[in-house]
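Here's the structure, in structure tokens; my notes come after.
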Ligand code: NAD
């Protein structure tokens, strides 16, 4: 039977530049089984050994930078430099993980409490086969960092890149295959949501998915059948708050950058802006100026004159257009920008927006910066939180303490003060969401540790009769156990004394010993 093909289409030109057969469901299952067989070998290597192999991969990524940015440029339409940013973040994270992972993954001794004659430890063991399902907006840097974290932790991996950017999927597969010591422990499966669903159903031991909230819910539902743990990095509707004491020029410039970088196709792009009344007019003018400076177009040169490429996925154009139409029908105005030919846009800045519009509620994921006037910072916070998502946010104020006080009240998993998006570029900061933006983390210590499960063990000789922990477990020691609990954990001298003195009191033969007399309860079988 002929296999269905996945075509590689350059969204800037519409031209096909390659294709690959889609992975069939039985092949997906086989890939998971192969990785399960390979797991003992990879997880049996020391962390140091795994990191040595991944050092070769780090070298390869840097050596192949031009080929990587070339494919990203054709696959997404983004500039080569924007492609390099994806690679930069990936390499930066790998380097930092190589430095920190041995320390983070080390076996840890913990207090044994009253079990004085035992030693207690936690080991951080890999899950087994990790499935990584990724989106198209940053096809490299939303695939490789979780893949590398999973590998460092000792998992084998099956990666399912987005069907929209299939060429990057093939590129990543080829790069991995070029490291012979790594190749047997990673499989890449190619295709659309059906391939993703087949992977979810193939019983991997952990699923890490980045994508839309709707797909995240489907994956979680499917994973619940086998109680497979999942980490979901989902959509966002990040708010930017401009306070009265903000540096307006910087806020407009970097707010526009955050709204239009990657043509707004960033999970934590600036999707809505709230500006306090007194600064609104000035900010809007500055934002229009900043947006007009950001040119859109396509170039495959290493240095492109364009800031914005096309929208990558034709399906996304429909979402953007529907948000635009809905907002215009409800009274919003376009201050600058428009849709151009093909899937290109010039940055669109809008005013007259409110929360009745899809543009202010749902994820647009496109090059629109809606700006809303608010009475004061309290209203800005209230509106920022009036949303189902909780990924990131940004707050602008010259007074950093002031900005932090406001940021603390915003319902988001990460906030950046006096900048936008850049917190994702810091690999030691865990990144993820709350609310409908999902859970789990990429980057940071948390991004690595989620690919492990804590394994606990306690060790010692057989219980000794006079050990506190043994006394506690043997019948007839109620008062003694009470005294030990009271003396060790009593929260006041009075409580410590009261529980200790109970040991020496004359007791009734039956009953609870409490002031309220009660009959002992006997259960008859
Ligand atoms: P998507 O949900 O359409 O697809 C994501 C991946 O899931 C793709 O590989 C797709 O093939 C696969 N998939 C689709 N249906 C599936 C199913 N039933 N079972 C298993 N896998 C399935 O998302 P997208 O359009 O590729 O990406 C854009 C979305 O990703 C936006 O919502 C964006 O906000 C979000 N995103 C989130 C983050 C984050 O870190 N939180 C980062 C980037 C993008």
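Summary of computed values
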item: Only one of 9, 62 that is under 30 Å from residue 298 (Cα atoms) and surrounded by 13 or more Cβ atoms within 10 Å (Cβ to Cβ); result: 9
item: Selection count where residues are touching a strand residue (DSSP E or B) at 6+ places or on another chain (Cβ under 6 Å), within 12 Å of the ligand (Cβ to nearest atom) and not in a strand (DSSP E or B), scope the range 123-142; result: 3
item: Hey, residue 444 within 16 Å of the ligand (Cβ to nearest atom), touching a residue at least 40 places away in the same chain (Cβ under 8 Å) and within 30 Å of residue 268 (Cα to Cα) or not; result: no
item: Subset of the range 175-196 [out of contact with any strand residue (DSSP E or B) (no Cβ under 8 Å at 6 or more places or on another chain) and part of a loop (DSSP other than H, G, I, E, B)]; result: 178, 179, 180, 181, 182
item: Qualifying residue in the range 350-357 (condition: within 16 Å of the ligand (Cβ to nearest atom), closer than 21 Å to residue 436 by Cβ, in contact with a helix residue (DSSP H, G or I) (Cβ under 6 Å, 6 or more places away or on another chain) and part of a loop (DSSP other than H, G, I, E, B)); result: no
item: Residue match in the range 153-160 (condition: outside any helix (DSSP H, G or I), under 18 Å from the mean Cα position of the chain (by Cα) and within 11 Å of the ligand (Cβ to nearest atom)); result: yes
item: In the range 112-122, the residues that are surrounded by fewer than 16 Cβ atoms within 10 Å (Cβ to Cβ) and part of a strand (DSSP E or B); result: 119, 121, 122
item: Residue within the range 89-102 that is under 30 Å from residue 7 (Cβ atoms), part of a helix (DSSP H, G or I) and either at pLDDT below 95 or within 16 Å of the ligand (Cβ to nearest atom) (or both) present; result: yes
item: Pairs, first closer than 16 Å to residue 227 by Cα and touching a residue at least 24 places away in the same chain (Cβ under 8 Å) in the range 203-216, second within 7 Å of the ligand (Cβ to nearest atom) and part of a loop (DSSP other than H, G, I, E, B), C-beta under 8 Å, six or more apart; result: 209/134; 216/234
item: Answer from 356, 299, 338, 278 - the residue that is touching a strand residue (DSSP E or B) at 6+ places or on another chain (Cβ under 7 Å) and surrounded by fewer than 19 Cβ atoms within 10 Å (Cβ to Cβ); result: 338
item: Checklist (1) under 23 Å from residue 253 (Cβ atoms); (2) touching a residue at least 40 places away in the same chain (Cβ under 8 Å) applied to residue 286, failing item; result: (2)
item: Complete set of residues in the range 437-464 that are touching a helix residue (DSSP H, G or I) at 6+ places or on another chain (Cβ under 8 Å) and over 30 Å from residue 132 (Cβ atoms); result: 463, 464
item: Residue 465 more than 16 Å from the ligand (Cβ to nearest atom) and under 30 Å from residue 413 (Cβ atoms); result: no
item: Failed item, numbered, when residue 197 is tested on (1) within 11 Å of the ligand (Cβ to nearest atom); (2) within 15 Å of the chain's Cα centre (by Cα); result: (2)
item: Within the range 204-323, strands (runs of 3 or more DSSP E) holding 1 or more residues that are away from the ligand (no atom under 12 Å from the Cβ); result: 206-210, 239-242, 272-276
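The values are calculated or read from the model by the stated rules, or taken from the named source; none is laboratory data. Everything quoted here is computed from the prediction, not taken from an experiment. Ideal geometry is used to build each Cβ from the backbone, glycine not excepted, and the neighbour counts take in all protein chains shown.
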